[in-house]
Amino acid sequence: MLRVYRSNRAELLAELLAQELRLEPPGPFEQIEVVVNTWPTSRWLGEQLARVNGISALVRFPFPGSRLRQLVQTVLSDAPDIEDPWRAERLVWQVLDVLPNLLEEECASNLREWWELHGGREGQLNRDQWQLARSLADAIDDYALYRPEELGDWLAGGAGDQLPEGLRWQPCLARALAEQLPCRPFGLQVQQVIERLRKGEEPALPLPPRLRLFGVSNLAPVQINLLQALAGRISVDLFLLTPCPDLWQRSQRRRRQLGEDWINSPDGSWLIEAPRLEGILGRMGAEFQLLLEGSGECLLGSWEQGDLFADPTVMRTAEDSQASLLEQLQRQLASSESDQATLSLRQGDHSLLFMGCAGPWREVQLVRDRILSWMAADPSLQPRDVLVMTPDVERYAPLLASVFSDRDATGVDLPWRLTDRSQQNCPGLQQAFMSLLRLSADRLTASGLEALLGNPALQSLKQLTSQDAMAISEALQRSGFRWGLDAAERNGDDTNSLRWCLDRWLLGLALPEEPGLAVDSCAPALTDLSLQQIEVWWPLLDQLAGWIAQLRCSAPCPEWVDRLRRLLQELFNDGGNWDWELQAIHQCLETWQLQANDCALELDIAVVISVLEEALSTESGRFGHRSGALTISALEPMRAIPHRVIVLMGLDASSFPRHQERAGFHLLELQRRLGDPSSTDQDRYVLLEALLSARQHLLISWSNRDERQGDPLPPCPPVQQWLSLLAEEFETEQMDRLLIHPPANPLDVANFIVTPQRDAISCDRRLLNARRNLDAHIGEDHAHRDLGLALPLVWQPPTTDAAIPINAEAIERLERWLQAPQKEWLKRQGIDAGEWCDPVNDLSPLSLPELDCHQLLNQRLSEQLDLLAHDPEARWDVQETEDWIARSCGQGFMPPGAAAELENNRLERRWQNLQKTLLNLGPLRLQQQPASQHSALLMAGETAVQISTSRLRSRSLLQSWLKHLLAQLDDAACHTAVVCRQDSSAKADQFHIAMRWRALKPQEADHEIRALQSLAQQGAELCWPVPPDSGLARAMAWSKGEEAADKAFMNRWQGGFSGWAERDRPEQKVCFGSHCDAELLLSLEGFEAAFQALYQPLLEARC
């Protein structure tokens, strides 16, 4: 007998099942089986059975596919159960076995052309070939469920005349597979079962007395035929969650109208016949019910039907309160077409909300705030009553912890659990293992290695800390590692590869780091690592490099399994706290070896990754759904489980409904039939089941802004259609309450306003306090609402205090202030505006960065000056040449190939021009000042020289001015020239004298130094109002008049085509704000006095 119980509430079906078990209790050792479609459904159903009966023991919850296959084997054979060899994950290896012979067939000419085009070395299987074989296996697996008649015809010798000419190789493939496999495909076995049961033959083994299926919303036609046939021998009970009885009745009418054509999939006329919500979203459920009623040909037993449709509005009326919009919609679905009540939306009804959000992070934030708002309004609402579902778990996973766990922002400890995320994407042993395989399959990069070293499982098992991992990456970057394992991966040049970098570490232990010193294009690297660190880190990196090299070698399956087991043992040992993940990998390897042991092809690493990714993903989503916390899951596992609050998050038009891509030769792509799987219909049905399962609130959200360009985005088509239906029922004002568009800016005032129609959008206390502080700041001084910490600023000239000593410590402190006065002031306030994250560079240089040019020139200049320092009588009076390629050999500075020659020429031009500029002043020597505490003066003839290999900047000019004053304080009695590169891009390789200062008396120098010290002392208390480089630009243009000077200041501060804006520097933004104009700074009280106090003395000292 086939009994069908239908209801629009899952808990009613669960109670019916529980009462059935209570009235007809099984034996004390009898095991009960209830077929369900997801793991969470089994957990929830077990809880419901225990709630009603007080216990739920010896209850198994198999899945439909595996259980129905077991029943087929029970009827046909008394042999031990075997795994179905026609399933795609096993069939693919048989496909690879028969494919060479198939490609020789004349009908497979187009397939042969593709294989030869994408093939590699003979006997080797690459990723493209694997994907084709897997697509073929998937197609045959689908045919067994959805095209058994065609498959049976092919196995009986049919040539597939109904197929297009280019696809007539498929019958040959099916027959070749059937010759090698021990049983027929599942769909053909079902036909045998139906025939045997129709003839009254006894099953090979006893069948269970009853088969129960709960909450299954979709089955293949052949599976439904099997259930109808089994109903003649056993009791088959179906507990179906369906939106409305009308859908069932409409299906019956359709079958009677179409006659034998009822098996065709519903076309566009279906929406005309079913214009309501269930017609738009319920196509999958409608097809399932059409198939379940069927033509009666396979139904060998009697049929019974029971309905348990509940009217939520009646249930609510009994509680003396008005029905919510959500309950009215549920009643509308359960009612007949002739009994459609008008929808109403009362004030304060938030049972159904649609929300468009500005990006995923903002969406997660708003969903959290909405949930907390509902929990605050209803103290009985607990986190376990809330379910959040999204079609893209991986997209939202990184955002969830930062939002849902932010207790300081909300003041609420909200427990939550993320499920259905692949273990390969969670930090752990499986992720480390698969990351290493992917590094081997693709180009080895510095960022990829950094991600691997950052894995907590690898760190724990190798006794590393997260700081160690960061230090290793930083040391590798300093040593020059960018990409590539060795010379083989880099076309013969091992520079910037990992092996090259490790060799540099070893050379650095024995040899000094000197220019030009290299062993076979590898220079020693002193990375500031201790010997103890190298003793631990170098073997680990060498081990990883060795395994990457091994993994890049193709091998047959048995050799791969042995290789991977050795890798697991060497790198992860017993797995530690991740031993269960290690065990899962070993189990996958064992299964793979059993399936592919006879495959003689050498598999590429990319194929191994595909196999293991699929095998390891089978366990994802099995645990954690019913944890007592707020659950965040994918769409499929929990969509029919009732919750008081359900949120559908991330229903963007670009990702929902999902579209399943099949190969072009797949028969399901050529013609759709009733019951064919459709991910689009399945996702649409999620909306309908979520509407049925939500008890108090249903929230649907999506991203309505493009993350990069900010353009508006629509919701997904099913949501648009639903909103269109609601717009026909409600006025514009009511639709505005249903469809909300929160502000994109979290600090917008509208987020915190409470109205009679709507609660506050945000409940984030941190954002609220920030908004209040911002409002208070605006109220105090509206002119500076967007400005920084230093404004409003009134600079006061320093008062004359006690004499500040001129010693090494005081000079060092003064020098720091002169180089970055705003940054020094911020440090006194406890703010480090220079915080940043150094990015990991994966690319070898195509040209020499300007900073490296500066360092190389400085290094060469220092060497020349050291020669003068060692010999007081030495003179530098001729221009020296330099081979910059040989100088930087083995250090990874220079770009490869001809680019290195270009950079060598550029550096030599600068070096020669620098020497020419200096020697034009006279021969160079070092002059020691008698009784001086400061460094020796570099003299060019009778002129002291301060050299900068970069363009003139404020820090270099003021530092040179300070050194000039210190020299004059020691009675040097000489002029000083500041030499630097020219600003013009056309003369970027030329040097010039940017500034000359006359000699000063010691008393004058002492006065100016103490004046600078007073400015620095005052600048520690009040922020210095003159930006360094903009102030320098104003000073250099001062001789042209104040108007020209102000224009130069403005150009440097606000930027333009001639250069970057100084106001974009972090410390300037913090001090003066991100939108501070030059006019505001120039008009500050005390700005002109501060500018003149700093720059007037050095300008007046020019000669």
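The values are calculated or read from the model by the stated rules, or taken from the named source; none is laboratory data. No experiment lies behind these values; they were computed from the predicted model shown. Glycine gets a Cβ as well: all are built from the backbone with ideal geometry, and neighbour counts include every protein chain shown.
Some observations on this one:
- Residues of region 1019-1031 that turn out to be touching a Phe, Trp or Tyr at 6+ places or on another chain (Cβ under 8 Å) and in a helix (DSSP H, G or I), as a count: 4
- LEU767 being over 30 Å from LEU345 (Cα atoms), modelled with pLDDT of 80 or more, assigned by TED's automatic domain parsing to the domain that holds ASP1006 and crowded, with 17+ Cβ neighbours inside 10 Å: no
- Index of the failed condition, LEU826 passing every other in (1) part of a loop (DSSP other than H, G, I, E, B); (2) more than 30 Å from ALA900 (Cα to Cα); (3) not charged (D, E, K, R): (1)
- When GLY27 is tested against (1) crowded, with 21+ Cβ neighbours inside 10 Å; (2) without any contact (Cβ under 8 Å) to a residue 12 or more places away in the chain, only condition (1) is not met.
- Tally, over region 407-451, of residues that are in contact (Cβ under 8 Å) with a residue 40 or more places away in the chain, part of a loop (DSSP other than H, G, I, E, B) and not hydroxyl-bearing (Ser, Thr, Tyr): 9
- Lone qualifier among LEU861, LEU843, LEU818, LEU865 - being assigned to a helix (DSSP H, G or I), over 22 Å from LEU517 (Cα atoms), hydrophobic (A, V, I, L, M, F, W, C) and assigned by TED's automatic domain parsing to the domain that holds ASP1006: LEU818
- Residues of region 1037-1079 classified as among the hydrophobic types (A, V, I, L, M, F, W, C) and free of Cβ contacts under 8 Å to residues at least 40 places away in the same chain, total: 10
- Take the conditions (1) touching an Asp or Glu at 6+ places or on another chain (Cβ under 8 Å); (2) under 30 Å from GLN180 (Cα atoms); (3) among the hydroxyl-bearing types (Ser, Thr, Tyr); SER497 misses just one of them, which is (2).
- From the options LEU635, LEU630, LEU594, LEU612, residue that is buried (at least 22 other Cβ atoms within 10 Å of the Cβ) and over 20 Å from the mean Cα position of the chain (by Cα): LEU630
- Taken residue by residue, region 465-472 has at least one member that is assigned to a loop (DSSP other than H, G, I, E, B), farther than 23 Å from CYS553 by Cα and outside the structural domain of ASN841 (by TED's automatic domain parsing).
- One residue stands out in region 48-63 among those that are of a type in the set (A, V, I, L, M) and loosely packed, with under 14 Cβ neighbours inside 10 Å: the one that is nearest to PRO642 (Cα to Cα), namely ILE55.
- The residue of region 459-507 that is surrounded by the most Cβ atoms within 10 Å (Cβ to Cβ), among those that are among the aliphatic types (A, V, I, L, M) and under 19 Å from PRO896 (Cα atoms), is LEU498.
- Answer from LEU173, LEU117, LEU102, LEU181 - the residue that is over 17 Å from GLN595 (Cα atoms), aliphatic (A, V, I, L, M) and surrounded by fewer than 17 Cβ atoms within 10 Å (Cβ to Cβ): LEU117
- Subset of region 74-94 [within 13 Å of PHE186 (Cβ to Cβ) and without any contact (Cβ under 8 Å) to a residue 12 or more places away in the chain]: GLU83
- Within region 491-519, tally of residues that are in contact (Cβ under 8 Å) with a residue 60 or more places away in the chain and of a type in the set (D, E, K, R): 2
- When each of ALA1044, ALA1093, ALA1016, ALA1033 is tested for being surrounded by fewer than 19 Cβ atoms within 10 Å (Cβ to Cβ) and among the aliphatic types (A, V, I, L, M), the lone residue that passes is ALA1044.
- Count of region 566-616 residues which are in a helix (DSSP H, G or I), more than 21 Å from GLN131 (Cβ to Cβ) and not β-branched (Val, Ile, Thr): 22
- Segments classed as strands (runs of 3 or more DSSP E), wholly inside region 924-998, with at least 1 members that are under 52 Å from the mean Cα position of the chain (by Cα), assigned by TED's automatic domain parsing to the domain that holds GLU873 and modelled with pLDDT under 95: 943-951, 975-981, 991-997
- Candidates are the residues of region 645-663 that are over 25 Å from ASP349 (Cβ atoms) and aliphatic (A, V, I, L, M); the one that is surrounded by the most Cβ atoms within 10 Å (Cβ to Cβ) is ALA653.
- Taking region 493-518 as the range and being in a loop (DSSP other than H, G, I, E, B) and under 34 Å from the mean Cα position of the chain (by Cα) as the test, the residues that pass are ASP493, ASP494, THR495, ASN496, SER497.
- With respect to being modelled with pLDDT under 60 and not aromatic (Phe, Trp, Tyr), GLY268 fits the description.
- Those helices (runs of 4 or more DSSP H) of region 664-757 in which at least 2 residues are surrounded by fewer than 22 Cβ atoms within 10 Å (Cβ to Cβ) and acidic (Asp, Glu), considering only elements entirely within it, cover 717-729, 732-738.
- Residue within region 603-623 that is in contact (Cβ under 8 Å) with a residue 40 or more places away in the chain and among the aromatic types (Phe, Trp, Tyr) present: yes
One line per residue, one yes/no per condition, for (1) within 48 Å of the chain's Cα centre (by Cα); (2) in a loop (DSSP other than H, G, I, E, B); (3) at pLDDT below 90:
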residue	(1), (2), (3)
LEU211	yes, no, no
VAL216	yes, yes, no
VAL222	yes, no, no
LEU226	yes, no, no
ARG233	no, yes, no
ASP237	yes, no, no
TRP248	yes, no, yes
ARG254	yes, no, yes
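- Members of region 933-954 found to be surrounded by 19 or more Cβ atoms within 10 Å (Cβ to Cβ) and touching a residue at least 60 places away in the same chain (Cβ under 8 Å), listed by number: LEU938, ILE947, THR949, LEU952, SER954
- Out of ASP486, ASP493, ASP542, one residue alone is acidic (Asp, Glu) and more than 24 Å from ALA432 (Cα to Cα). It is ASP493.
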